[in-house]
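Below you'll find the structure, written out as structure tokens, and then a few comments.
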Amino acid sequence: QVQLVESGGGLVQAGGSLRLSCAASGRTFSRYAMAWFRQPPGKEREFVAAISWSGGTVYADSVKGRFTLSRDNAANTMYLQMNSLKPEDTAVYHCAAREGSVSTLYHAYNYWGQGTQVTVSS
């Protein structure tokens, strides 16, 4: 079992930055592919970014060049640095984990955090 806890969300003006963290406990963190998904108000959950156990990353087109995903396996933590934020980035951000390779599909992930709210004002 893996427990995931997100932090770092908040209210920021357009053009600003936030850094989200996802702390994992339980089984060996380094074995897991990790990802961020987000759910904007009234919309479906969507893929944001994912990182393999070795650090390879995949990003949604909407965040490429603005968001940077990283992980610290020694600290059992994943980070999402979000720069140049836009109002359309407003959503609840969830971190997720799965054994094996990265996936952009939310149903491929077995473990989920409770989410952290990110609100970007115009």
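For region 1-40, the list of chymotrypsin sites (Phe, Trp or Tyr not before Pro) that fall in a loop by DSSP and count at most 13 other C-beta atoms within 10 angstrom is empty.
Taking region 74-96 and a reference point 7 angstrom along Cα→Cβ of residue 60, the backbone N atoms nearer than 16 Å belong to 80-96. Selection among 2, 35, 60 by position relative to the dipole of the chain gives 2 as farthest towards the positive end (Cβ unit charges, Cα centre).
Over the chain, with the other protein chains present, what is the accessible area per residue in square angstrom, probe 1.4 angstrom? Each step should come with its number before you reach the end.
Working: 6000 Å² over 122 residues.
Dividing the accessible area of the chain by its residue count gives 49 Å².
Relative to the current alpha-carbon distance between residue 74 and residue 114, full extension at 0.36 nm per residue lengthens the span by 12.1 nm. Across every direction, the projection of the convex hull enclosing the Cα atoms of the chain has a mean area of 6.6 nm². A full extension of the chain between residue 86 and residue 5 corresponds to an added length of 26.7 nm, given 0.36 nm per residue minus the alpha carbon distance.
Local charge for residue 34 was computed over the other residues whose Cβ lies under 9 Å away, with Lys and Arg +1 and Asp and Glu -1, and equals +2.
Computed over protein heavy atoms with a 1.4 angstrom probe, the accessible surface ordering of 79, 106, 93, largest first, is 106, 79, 93.
The accessible surface of the chain, taken with every protein chain in place and a 1.4 Å probe, is 47 percent carbon and sulfur. Near residue 93, once Lys and Arg are set to +1 and Asp and Glu to -1 for all other residues with Cβ below 15 Å from its Cβ, the sum equals +1. For the chain, the dipole from Cβ point charges (+1 on Lys and Arg, -1 on Asp and Glu) about the Cα centre works out to 120 debye, to the nearest 20.
The values are calculated or read from the model by the stated rules, or taken from the named source; none is laboratory data. All figures in this text were calculated on a predicted structure; none of them were measured in a lab. Heads up, the Cβs are rebuilt from the backbone with ideal geometry, glycines too, and the neighbour counts pull from every protein chain shown. For the accessible areas, the whole protein counts, side chains as well, though only heavy atoms, and no ligand, DNA or RNA atoms are used. Shrake-Rupley method; radii C 1.70, N 1.55, O 1.52, S 1.80 Å.
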